[in-house]
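See below for the structure under consideration.
The values are calculated or read from the model by the stated rules, or taken from the named source; none is laboratory data. Only a predicted model underlies this, so the values are computations on that prediction, with no experimental measurement involved. A quick note on method: Cβ atoms are made from the backbone with ideal geometry, for glycine too, and the neighbour counts reach across all protein chains shown. Protein only, heavy atoms only, side chains kept; ligands, DNA and RNA dropped before computing areas. Shrake-Rupley method; radii C 1.70, N 1.55, O 1.52, S 1.80 Å.
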Amino acid sequence: MSVLRFSSAIFETCDVHYVFDPAFRRLEDESMTQRQPSKVSPKNFFIYNVCYGETEGQEEEKILFFHPRDTNVDVKMREVGLSEAIVKFAENFDAAECDAVHTKKTRKLFLQPEPNFWMIMTIHLPFGPRSSEVLEGSDYLGGDVETAVYQAVLKQAYSTARLFIGPFQSILDANNGDTTVLKKKLDDFFKRYLLDLRLADCDILNVFDGVQFLPLDRTTFLRSQCFVNLVEATFPVVSHSLLMYDGNLVWSGLNPEDVKVVYRYVCNSLLPKHLKANYLAKMGSSGSNVRLTRFVTGPDSLVDLVYSDKTPKVYLDKIQRPGFFHLVVYKVHDLVICLFLPKNKDPLRLELYRQLDVFLNERMSELITEIKSYRKSAPEQTEAPDTRYVYFNTMNLATKDSLRERKGNPSSDALVRALVRLHNHNVNLSKEGCLSSETFMRMSTDHWVIGRMSNFRQFYIAVERKKLSLQEVDDVAKRICENKLKGIFFHV
Amino acid sequence: MKICGPKLSLCGLIISVWGIIQLVSMGLFYYMNSVALLEDLPIEESYDDAKKFYADAENGYSMNAYNFVICSVWDYRIRQLLRMAGLTDGGSIFTSEFGVNSNSLQGVEDLGQTYDEGASNVADESLDSGVGESGLNDSDIRESDTVNVELMTSDLPRDILDNDLIVSDDDNDPRNLLMENEDWKAKERHVFILSSSGKPVYSRYGSEDKMVTLFGVMQALVSIIEDSDDTMESIHFGNNVIVFQRRGPLILVAVSKKRDSVVFLNNQLTYVYNQIVSVLTLMQINRIFKARQNYDLRRLLSGSERLIDHLLQFHETEPSIFVGGISCIPMPPSQRESISSAIVSTCSKIKNLVFAVLVANNRLITLVRKKRYSMSPSDLHLILNMVASSESLKTAEIWTPICLPHFNANGFLHAHVSYLTEDTQACLLLLTVDQEIFFQLSEAKMKLTERLKKNNSISVIDEVLKSPPSTWLSLHEIGVSKIRHFIYKCRKTYNVLSSPLQPPYDTPEDANKLFTKYQTTYFNMMDSNPQSQGYYQDSPEESVICLITDKYEILVAMEPLMKKQASLDLINRLIQWIQKEEDKFFLSNIPYL
């Protein structure tokens, strides 16, 4: 569950344009009547390739994408030049790639996703009173921004771009090094992507960028797997598939790296959009019986005479033969199956969709009943409302969390930020070869955050309960661990 | 556009070729110590000592010659980069200090001008210095007259060359390292200081002169960010972090390769800055740079590199510094009192004496002060650093100006520094505002030594210093043997107590590892918002616990995998013990003069 939503605000009218509009930001600053700090907002976002524009006067050729688009060329060059200078400067000391630059007012995040390509995102820090007790004076609140979160946002931006347009270098290679096509593709993609990017809502879940798995018993799981195998056997044209239930992954035939990108796209963009379109369609044609197609991507209607191929083409990378695939998503109630069909010259024919529909509909309905009956037999226990947790397994990218439930309260947000800190700390520890640790931190607000790390699993808990002793907090943490992660053994 | 045709570009090409030729030839002229260029040397306006003037001039010549050559073979890429980065005034960042802008006609004209005017000015100036000095030797006279000074270096007496400006040629000097050298790259922490015009002031490793490029880039980065009304704070890459600090006309930069926290590095830079202020006073720094922006501060700081080197080392290894407190030599409170009262009775008659400080082994024995004045821990650290890094102190008494930034950043105190006797570690500092009372203080010190000898205090101090630390503090005897190490700071008095380093922390590497752990924990807690008050981390190596309360701060390293409650109980027992025994370890009562 990532916050990097592609218009995930389902029933909200789309007024997200201000996010990237400097004028709007100013308005926001003034109207906040001094008491609420402004939120993190993007300043610019650009991509350049150091191999281009090496001759003087033609440096502009380096720039492949720059947002905001109406920036003065001089400003663009200055930003790119500065980033390049920083990278070069850092090389004097160590070969490690540049990650971030902190200034008083901004954070600059660096990513070199492919050799010679650099993606840079600059964000404005929040500005406002240091805490709610302080009545006067405003400051840039650098301490309220965890760099790792935005680093992850930048990585996600790249992986999503790669999903749709493929590796940047391969586009250049296909055009004999001409940048025009790549520029156009980047522009088309990021224009929309950045509009929907809500930096202020990003948190530790972006850092993990994981996948939520559906807990199932053995029989139900095997049945789901059987079903997927059957689909792939019946339709040999389907080379890979992915099964999801209610936003949780049930089964996938892809590499985890690819899964997380596809998963994020389907859950945060495709499905919400589909839901919204369905809703609007129902509202619009009140009474008249509009039959909605079960294809989330694909033809609007199976009887349509004028059929056009509308499936998104996605680039899968970590498979035997990387390349573009048609992504067909089919949905029956809460069960969603994603099918990957190799892209060749011919578009998919309507006939195939009809066959798929006939084959999938009934079988998926059956599978749903089974999954539902299992879920009823093993209900999830709910936790005390003042504790929230995140679990992450670096091996299979599994995440599990209860963070979203109390979003927006400043003190809880601060606790969630403290979780990112703990996580950074643990990452550093594991780099030094210490693979297991347990950390308790008591904040001056008398709340606790707890981090546990054991081999590749990490578990973070925020406890918003006052007057607890270390021992009591330890007990709380242990209980949550037992309830939520049955069978996962944590040791220090 | 018609104008921008091939003719213009040819014209540009010719101009730039001319520029390069000009630069190289300027370099040559400087190399030959051409008198006509004397005007452009970074030397002071007037000299009353001819020897010093020659040495300065010699040095200036070689430096400028070097700069010109660098300038002409300038790394093309960086130039292009920075021009792109909005420095439309070209290489001016780098070239301005060298006096020439290779790309512009303007620069070349400037040169011609200097050349013309230079000659007459030089003649005047050398005359002045010649007149002021009566005892000129042969080589001096020849040098001031001649224009072709090739033979100068070989003819000059050795003592002039050994002027403090010239970097010592000791092979072990860290400053002899070259940037390209792998050893330089492998250093864990670098510190650089430069002026806001990009002039090098200090580098922890490697010679500043050979890193002009690097200093230039640092200055450029800071100033580009400042152009957009912002402040550069830090760069993060991999395990490395680079921290920038802007202090008036100075820029301080720390580079760390070991994941240090930004707060820690900023703290270190603040100490380094305070050390510079302590040598020069804030007022002098500001005045110098107001008068001449590209002044080479190294001339005033020569000899202080050692102080800064030592301070950095001190800051990284001494636990009391990073928690911002002071550790004292343990001794029975009555003994400490008798020493204090001896100082008070000896010195109370001396007017204008502000502080009397007795230290040994980087720790405080006692401190006596004038009413209304107090000594901040960070000022005291500078004093300890001065004592520890001055070799000459061992044999002689020293009379030196010192500025304590927290006491008064704009003025000097005068310090009489000497060891009590030749064979003791105890060093006495008498700080006064009166420049004239050296002999009075010297006499007072003799008297005090006599008195302390008489009441046996000196031998007591020596004994304490000789005895193993465990005689005073044994974790085993307190009954907390599961605690391996701790640092305790009393927040009211800034006194710090830390246990001796025992296995597994008895090697420098292991101790360093532990301190790094403490340091990241401690500064992380301070830095987080809201602040954190308690931290408990259990890992297979050890448990690190840090508690911050209104009264005290404590950092503890403990056996791993203990029951949480049991470990907290142990810490409580330790704290109770410290609070009971604190008279022995802490200087809680600072008597007045």
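Inside the stretch B:456-476, can you point out the residues that are open to solvent by 30 Å² or more (accessible area, probe 1.4 Å), in a helix (DSSP H, G or I) and not acidic (D, E)?
B:S459, B:V460, B:L465, B:K466, B:P469, B:S470, B:T471, B:H476
So, in the stretch A:343-370, exactly how many residues are under 27 Å from the mean Cα position of the chain (by Cα) and modelled with pLDDT under 90?
We begin by selecting, within the stretch A:343-370, every residue under 27 Å from the mean Cα position of the chain (by Cα); these are A:343, A:368.
Now narrow it down to the ones that are modelled with pLDDT under 90: A:343.
So the count comes out to 1.
Filter the stretch A:408-453 down to residues that are in a strand (DSSP E or B) and among the basic types (K, R) and give me whichever is nearest to the other protein chains (Cβ to nearest Cβ).
A:R442
Which of the helices (runs of 4 or more DSSP H) contained wholly in the stretch A:200-297 include at least 1 residues that are at pLDDT below 85? So that I can check it myself, show each step before the final result.
Working: elements: A:204-208, A:218-234, A:256-265, A:271-284.
Output list reads A:271-284.
Going by the conditions given, is B:N408 open to solvent by 60 Å² or more (accessible area, probe 1.4 Å) and in contact (Cβ under 8 Å) with a residue 24 or more places away in the chain? Give the steps one after another, and end with the answer.
On the way: open to solvent by 60 Å² or more (accessible area, probe 1.4 Å): yes; in contact (Cβ under 8 Å) with a residue 24 or more places away in the chain: no.
For B:N408, the condition - open to solvent by 60 Å² or more (accessible area, probe 1.4 Å) and in contact (Cβ under 8 Å) with a residue 24 or more places away in the chain - is not met.
For the stretch A:100-148: of the residues being open to solvent by 50 Å² or more (accessible area, probe 1.4 Å) and part of a strand (DSSP E or B), which is nearest to the other protein chains (Cβ to nearest Cβ)?
Top of the filtered list is A:Y140.
Regarding B:D260, is this residue buried (at least 22 other Cβ atoms within 10 Å of the Cβ), at pLDDT below 90 and either outside the structural domain of B:D183 (by TED's automatic domain parsing) or at negative phi (or both)?
Values: buried (at least 22 other Cβ atoms within 10 Å of the Cβ): yes; at pLDDT below 90: yes; either outside the structural domain of B:D183 (by TED's automatic domain parsing) or at negative phi (or both): yes.
Yes.
Is it true that A:L341 is assigned to a loop (DSSP other than H, G, I, E, B), surrounded by 15 or more Cβ atoms within 10 Å (Cβ to Cβ) and in contact with a Phe, Trp or Tyr (Cβ under 7 Å, 6 or more places away or on another chain)?
Details: assigned to a loop (DSSP other than H, G, I, E, B): no; surrounded by 15 or more Cβ atoms within 10 Å (Cβ to Cβ): yes; in contact with a Phe, Trp or Tyr (Cβ under 7 Å, 6 or more places away or on another chain): yes.
Here the answer is no, as A:L341 does not meet what is asked.
Exactly one condition in (1) of a type in the set (D, E, K, R); (2) assigned to a helix (DSSP H, G or I); (3) within 23 Å of A:K191 (Cα to Cα) is not met by A:R69; state its number.
Only one criterion is unmet by A:R69, namely (2).
Among the residues of the stretch B:226-240, is there at least one that is out of contact with any Asp or Glu (no Cβ under 8 Å at 6 or more places or on another chain), without any contact (Cβ under 8 Å) to a residue 24 or more places away in the chain, open to solvent by 20 Å² or more (accessible area, probe 1.4 Å) and at positive phi?
yes
For the stretch B:285-402, give me every one of the strands (runs of 3 or more DSSP E) that falls completely inside it and has 1 or more residues that are surrounded by 22 or more Cβ atoms within 10 Å (Cβ to Cβ).
Numbers: elements: B:353-360, B:363-369, B:398-402.
Those strands (runs of 3 or more DSSP E) span B:353-360, B:363-369.
Within the stretch B:555-568, is there a residue that is more than 30 Å from B:S341 (Cα to Cα), open to solvent by 10 Å² or more (accessible area, probe 1.4 Å) and touching a Ser or Thr at 6+ places or on another chain (Cβ under 6 Å)?
Keep residues of the stretch B:555-568 that are more than 30 Å from B:S341 (Cα to Cα), which gives B:555-568.
Still in the list and also open to solvent by 10 Å² or more (accessible area, probe 1.4 Å): B:559-566, B:568.
Next, only the ones that are touching a Ser or Thr at 6+ places or on another chain (Cβ under 6 Å) stay: B:560.
Yes; the residues of the stretch B:555-568 include at least one that is more than 30 Å from B:S341 (Cα to Cα), open to solvent by 10 Å² or more (accessible area, probe 1.4 Å) and touching a Ser or Thr at 6+ places or on another chain (Cβ under 6 Å).
Hey, does the stretch A:159-175 have a residue that's open to solvent by less than 50 Å² (accessible area, probe 1.4 Å), within 14 Å of another protein chain (Cβ to nearest Cβ) and without any contact (Cβ under 8 Å) to a residue 24 or more places away in the chain?
Scanning the stretch A:159-175, I find no residue that is open to solvent by less than 50 Å² (accessible area, probe 1.4 Å), within 14 Å of another protein chain (Cβ to nearest Cβ) and without any contact (Cβ under 8 Å) to a residue 24 or more places away in the chain, so the answer is no.
How about the stretch B:547-593: which of its residues are in a loop (DSSP other than H, G, I, E, B), β-branched (V, I, T) and within 14 Å of chain A (Cβ to nearest Cβ)?
The first filter runs over the stretch B:547-593 and keeps only residues in a loop (DSSP other than H, G, I, E, B), leaving B:549-551, B:559-563, B:586-591, B:593.
Imposing the further condition that a residue be β-branched (V, I, T) reduces the set to B:549, B:590.
Scanning the stretch B:547-593 gives a single hit, B:T549.
Restricting attention to the stretch B:214-230, which residues are touching a helix residue (DSSP H, G or I) at 6+ places or on another chain (Cβ under 7 Å), at the interface with chain A (Cβ under 9 Å from one of its Cβ atoms) and closer than 18 Å to B:F192 by Cα?
Passing the criteria: B:V217, B:A220, B:L221.
Take the stretch A:76-99 and flag every residue that is open to solvent by 20 Å² or more (accessible area, probe 1.4 Å), facing chain B (nearest Cβ under 7 Å) and in a loop (DSSP other than H, G, I, E, B).
Within the stretch A:76-99, A:N92, A:D94, A:A96, A:E97 meet the criteria.
For the stretch B:528-546: of the residues being out of contact with any Cys (no Cβ under 7 Å at 6 or more places or on another chain), at the interface with another protein chain (Cβ under 7 Å from one of its Cβ atoms) and outside any strand (DSSP E or B), which is surrounded by the most Cβ atoms within 10 Å (Cβ to Cβ)?
Looking at residues that are out of contact with any Cys (no Cβ under 7 Å at 6 or more places or on another chain), at the interface with another protein chain (Cβ under 7 Å from one of its Cβ atoms) and outside any strand (DSSP E or B), I get B:S528.
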